[in-house]
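Novice: There's a structure below that I have some questions on.
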Amino acid sequence: MTRRWHWGVLALVGVAAVVAWLVSTTVFPYHSLNHDEGVYLQQAAMLLDGQVFLRPPMEDAFRPWFFVDTGDRLYAKYAPVPAFFFALGELFGAYRLALPGIAAGVVALTALVGREVFDSRVGLLAGAFVLASPLFVVESGVFLPYAPTTLLNLAFAYAYLRADRTGSRRWAAVAGGAVGVAFFSRPYTAVLFATPFVAHALWTLYADWRAALPRQAVTAALGLAGVGVTLGYNALVTGDAFVFPYQAFAPLDGLGFGQRRLLGHEVVYTPELAVRVNRIVLDLFFTKWVAGGAFGSLLAAAGVVWAGRREWSARAAAVAGVFVTVAAGNVYFWGTFNILGDVSRAGDGLVSVLGPYYHFDLLVPTAVFAAFAAVRGGTRLRTAARERFDPRVARVAVAAVLVVGLTGGAVVTAGNAADPVQTNLDVTETYETAYAPFEDGAPAESVVLLPDPYGDWLNHPFQPLRNDPGFDGRAVYAIDDRPFAVADAFPNRSLYRYVYRGVWNPAAGSPSAARLQRVEDVSGAAVTLEARLGVPSAATATTIRVATDAESAYYTAEPTDGAVGLNVSVRDGRVSVAGDVSATGNDSLTVAGRGTVRVSAFVQYGGGDGFTYRLSLPVDATGGDVRALSPRVERCANVRACGGAAAYVPSPSRPSVFVNVSMTVAEHNH
């Protein structure tokens with residue numbers, strides 16, 4: 001049995017690793033809708049460089065998502081333990097190599113815990129149950145902290161139970177070390193998981209303190225050492241041992257009821273709301289995200305009842321206690337509210353695509369007790385069949401029941417997994433379009449200016465476009481708010497601008513196209529933007545508005561050969577317009593310092609319909625010379641749609657709609 005059990009676990013481990021790799025590379029090749037992945041991968045790169053802090057070359061343009069800004073340096077709001085796991089993958093060749101290892105470890109340790117509590121058959125089936133659970137399948141393919149922390153919690157549980165059975169202080173030390181690192185990773189998660197085992201430890205001390213005290217003391221000492229390391233890390237990054245980085249980032253983003261706030265998102269998290277949202281999350285967990293859905297959960301419930309009647313022990317109670325502590329403890333945490341999105345609408349929020357990941361630890365007791373019920377139920381069924389039928393009929397009957405049960409469970413599980421997997425695949429298809437300009441990597445020795453649809457953050461949402469910790473990689477990514485300052489910070493790199501067409505909403509199939517635009521940085525006595533704007537033959541009129549930060553002028557245009565030619569020059573603090581245009585009023589425009597000259601050309605069809613070209617030219621007229629960068633170019637359904645979500649991307653299907661721009665420089669006359 002031992003050899004067969006080992007081979008069985010190895011088979012499960014191998015399948016788990018393959019599943020994690022396939023999910024990571026096919027479902028989440030550009031990462032998921034949860035932008036925390038970019039945070040952990042940025043941390044992983046920092047760890048590999050031996051850095052705890054990022055020190056960007058300038059303020060305001062290089063702050064990654066969920067990093068705390070202390071003025072001259074940045075640090076992540078999360079502890080670095082999950083990032084350490086991912087960094088190990090990079091040491092072997094790629095960050096993604098860490099995910100199969102984590103998945104394999106979760107399955108193997110679940111099997112070991114099941115064997116420690118009951119027997120080998122229960123352990124093997126428990127590992128299979130976790131492997132078949134949609135929550136495990138989805139989470140195994142993403143760079144989030146829930147599977148790594150559960151891996152640590154499982155290591156603690158197995159080592160603790162083995163130390164309890166054998167009296168080994170070495171295993172007690174492993175248990176203490178694992179729970180200490182788990183606390184460093186996610187303190188509250190570790191406490192909720194460990195609490196039933198702490199109760200078990202107190203019970204053993206009460207029952208026979210002389211025998212239990214040496215090993216429990218070792219576990220407690222190393223566990224508390226992990227707490228000490230956590231407090232030390234807090235002191236290093238926040239300056240206060242008792243202020244966690246996430247508190248420094250958002251003081252009201254923590255445990256408890258009342259006013260909760262994370263950046264611009266806030267809610268009064270009442271006990272009533274907490275109970276409501278956790279009931280919804282638990283219902284989703286037990287009906288959609290475990291193997292067999294509701295049937296698998298009922299099997300686990302039957303396992304708890306059956307064990308309570310026939311094979312109950314303090315060890316089984318410790319594992320079963322995880323049901324209570326994780327379910328009850330998350331009521332006190334408003335993150336369960338946030339993953340639901342719109343609470344009144346089913347299937348909304350991150351829970352619909354990534355599952356109830358704050359309850360990931362619940363997979364452990366669910367798997368162990370479902371496996372226990374299945375094994376003991378199978379044994380009872382086989383015994384009953386042998387008593388009532390001849391051996392051949394009994395074997396057929398038992399096999400038929402098993403086939404029907406497994407088939408039904410597989411169908412339910414596949415159905416539950418299909419929707420989130422398909423939704424994530426649809427999101428990935430949109431990501432493929434959005435990141436198409438980077439299919440062969442970013443241009444070498446480049447600086448890429450990025451839009452900021454969600455505020456002044458990098459990697460929110462553009463997770464694959466991350467900076468090396470030293471800001472010295474093949475490409476450097478910066479927010480496109482201070483382009484001149486960014487260009488000055490990297491004078492020896494080529495400048496590009498990443499733009500996309502449509503709002504950033506991958507779940508709805510947007511953006512529809514993207515472009516990486518080369519940006520020229522020119523200066524001289526005068527700079528002229530030369531543009532040709534395509535005008536379809538069906539257009540009836542073209543009107544143009546040229547505006548600086550304080551003034552505007554209007555023009556009519558007469559197309560030549562299907563296009564309007566336009567020259568916008570900046571010299572001596574003034575803006576002049578020439579080409580296929582005629583001013584309709586005062587056209588005296590001035591520009592001072594750094595600003596933007598905007599050209600809006602409305603191409604009108606009959607009935608007032610049409611579209612708008614917009615060219616946004618960054619200029620710097622601070623000194624004697626004029627400096628300018630290539631303009632941002634948009635084609636908008638109307639002028640109100642301009643502003644960042646309507647980037648012009650050339651389309652062969654619309655040959656009459658085009659924009660060609662270039663810039664010329666006039667030198668000083670000497």
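The values are calculated or read from the model by the stated rules, or taken from the named source; none is laboratory data. These numbers were taken from a predicted model, which means no experiment stands behind them. Heads up, the Cβs are rebuilt from the backbone with ideal geometry, glycines too, and the neighbour counts pull from every protein chain shown.
Novice: Quick test for you: out of A108, A98, pick the one residue that is of a type outside the set (S, T, N, Q), within 30 Å of F369 (Cβ to Cβ), at pLDDT 95 or above and more than 23 Å from the chain's Cα centre (by Cα). Let's see the steps before the verdict.
Specialist: Working: A98 fails: more than 23 Å from the chain's Cα centre (by Cα).
Of A108, A98, the one residue that is of a type outside the set (S, T, N, Q), within 30 Å of F369 (Cβ to Cβ), at pLDDT 95 or above and more than 23 Å from the chain's Cα centre (by Cα) is A108.
Novice: Which pairs have Cβ atoms under 9 Å, sit 6 or more apart or on different chains, and link a residue in the stretch 86-104 that is of a type in the set (G, A, S) to one that is part of a loop (DSSP other than H, G, I, E, B) and crowded, with 17+ Cβ neighbours inside 10 Å?
Specialist: Every condition considered, the pairs that remain are A87/P80; A98/F143; A103/S140; A103/G141.
Novice: Would you mention how many residues in the stretch 127-143 are surrounded by 23 or more Cβ atoms within 10 Å (Cβ to Cβ) and either touching a Phe, Trp or Tyr at 6+ places or on another chain (Cβ under 8 Å) or aromatic (F, W, Y) (or both)?
Specialist: Selection size over the stretch 127-143: 9.
Novice: Please specify each residue of the stretch 223-245 satisfying the condition of being buried (at least 19 other Cβ atoms within 10 Å of the Cβ), farther than 25 Å from A175 by Cβ and not β-branched (V, I, T).
Specialist: P245
Novice: Please return the ranges of helices (runs of 4 or more DSSP H) entirely within the stretch 225-335 where 2 or more residues are under 30 Å from L406 (Cβ atoms). Spell out how you get there, then give the answer.
Specialist: Numbers: elements: 245-249, 271-288, 294-306, 314-329.
Because the criterion is at least 2 residues that are under 30 Å from L406 (Cβ atoms), the helices (runs of 4 or more DSSP H) in the stretch 225-335 that meet it are 271-288, 294-306, 314-329.
Novice: Could you check the stretch 572-610 and list, in sequence order, the residues that are of a type in the set (D, E, K, R) and surrounded by fewer than 16 Cβ atoms within 10 Å (Cβ to Cβ)?
Specialist: Looking only at the stretch 572-610, we keep the residues that are of a type in the set (D, E, K, R), and these are 572, 574, 580, 587, 594, 598, 609.
D572, R574, D609 - these are the residues of the stretch 572-610 that are of a type in the set (D, E, K, R) and surrounded by fewer than 16 Cβ atoms within 10 Å (Cβ to Cβ).
Novice: In the stretch 56-77, which residue that is under 23 Å from the mean Cα position of the chain (by Cα) and among the hydrophobic types (A, V, I, L, M, F, W, C) is nearest to L262 (Cα to Cα)?
Specialist: Applying the filter and picking the extreme gives F66.
Novice: Please go through the stretch 276-324 and pick out each residue that is under 26 Å from the mean Cα position of the chain (by Cα) and β-branched (V, I, T).
Specialist: Listed by number, the residues that qualify are V277, I280, V281, T287, V290.
Novice: Looking at (1) touching a strand residue (DSSP E or B) at 6+ places or on another chain (Cβ under 8 Å); (2) closer than 14 Å to V527 by Cα; (3) outside any strand (DSSP E or B), which one does G624 not meet, given that it meets all the others?
Specialist: (1)
Novice: Identify, from the list A225, A172, A155, the residue that is assigned by TED's automatic domain parsing to the domain that holds A294, at pLDDT 95 or above, closer than 30 Å to V421 by Cβ and among the small types (G, A, S). Give the derivation first.
Specialist: Values: A225 fails: closer than 30 Å to V421 by Cβ; A172 fails: closer than 30 Å to V421 by Cβ.
Result: A155 is the single residue among A225, A172, A155 that is assigned by TED's automatic domain parsing to the domain that holds A294, at pLDDT 95 or above, closer than 30 Å to V421 by Cβ and among the small types (G, A, S).
Novice: Going residue by residue through the stretch 558-565, is there one that turns out to be outside the structural domain of G502 (by TED's automatic domain parsing), in a loop (DSSP other than H, G, I, E, B), crowded, with 17+ Cβ neighbours inside 10 Å and without any contact (Cβ under 8 Å) to a residue 60 or more places away in the chain? It would help to see each step written out before you state the result.
Specialist: Restricting attention to the stretch 558-565, the residues satisfying the condition of being outside the structural domain of G502 (by TED's automatic domain parsing) are 558-565.
The next check asks that each one be in a loop (DSSP other than H, G, I, E, B); those that pass are 558-559, 561-562.
Those still in the list that are crowded, with 17+ Cβ neighbours inside 10 Å too: 559.
Adding the requirement that they be without any contact (Cβ under 8 Å) to a residue 60 or more places away in the chain leaves 559.
Looking through the stretch 558-565, at least one residue is outside the structural domain of G502 (by TED's automatic domain parsing), in a loop (DSSP other than H, G, I, E, B), crowded, with 17+ Cβ neighbours inside 10 Å and without any contact (Cβ under 8 Å) to a residue 60 or more places away in the chain.
Novice: Can you give me the number of residues within the stretch 81-121 that are more than 18 Å from Q51 (Cβ to Cβ) and of a type in the set (D, E)?
Specialist: Result for the stretch 81-121: 2.
Novice: Could you look through the stretch 428-444, keep only residues that are closer than 14 Å to S512 by Cβ and within 19 Å of the chain's Cα centre (by Cα), and pick out the one that is surrounded by the most Cβ atoms within 10 Å (Cβ to Cβ)?
Specialist: A434
Novice: Can you say whether L236 is under 30 Å from L131 (Cα atoms), out of contact with any Leu (no Cβ under 8 Å at 6 or more places or on another chain) and of a type outside the set (F, W, Y), as far as the supplied structure shows?
Specialist: Values: under 30 Å from L131 (Cα atoms): no; out of contact with any Leu (no Cβ under 8 Å at 6 or more places or on another chain): yes; of a type outside the set (F, W, Y): yes.
Judged against the criteria, L236 is not a match.
Novice: With A514, A525, A485 as the choices, which residue is of a type in the set (G, A, S), farther than 30 Å from Q422 by Cβ and in contact with a strand residue (DSSP E or B) (Cβ under 8 Å, 6 or more places away or on another chain)? Step through it out loud before you land on a result.
Specialist: Details: A514 fails: farther than 30 Å from Q422 by Cβ; A485 fails: in contact with a strand residue (DSSP E or B) (Cβ under 8 Å, 6 or more places away or on another chain).
From the options A514, A525, A485, the qualifying one is A525.
Novice: For the stretch 118-145, how many residues are hydrophobic (A, V, I, L, M, F, W, C), assigned to a loop (DSSP other than H, G, I, E, B) and more than 21 Å from L284 (Cα to Cα)?
Specialist: Our first condition is that a residue be hydrophobic (A, V, I, L, M, F, W, C); within the stretch 118-145, this holds for 118, 122, 124-126, 128-132, 135-138, 142-144.
Now narrow it down to the ones that are assigned to a loop (DSSP other than H, G, I, E, B): 118, 142-144.
Of the ones still in play, those that are also more than 21 Å from L284 (Cα to Cα) are 118, 143.
Counting residues in the stretch 118-145 that are hydrophobic (A, V, I, L, M, F, W, C), assigned to a loop (DSSP other than H, G, I, E, B) and more than 21 Å from L284 (Cα to Cα) gives 2.
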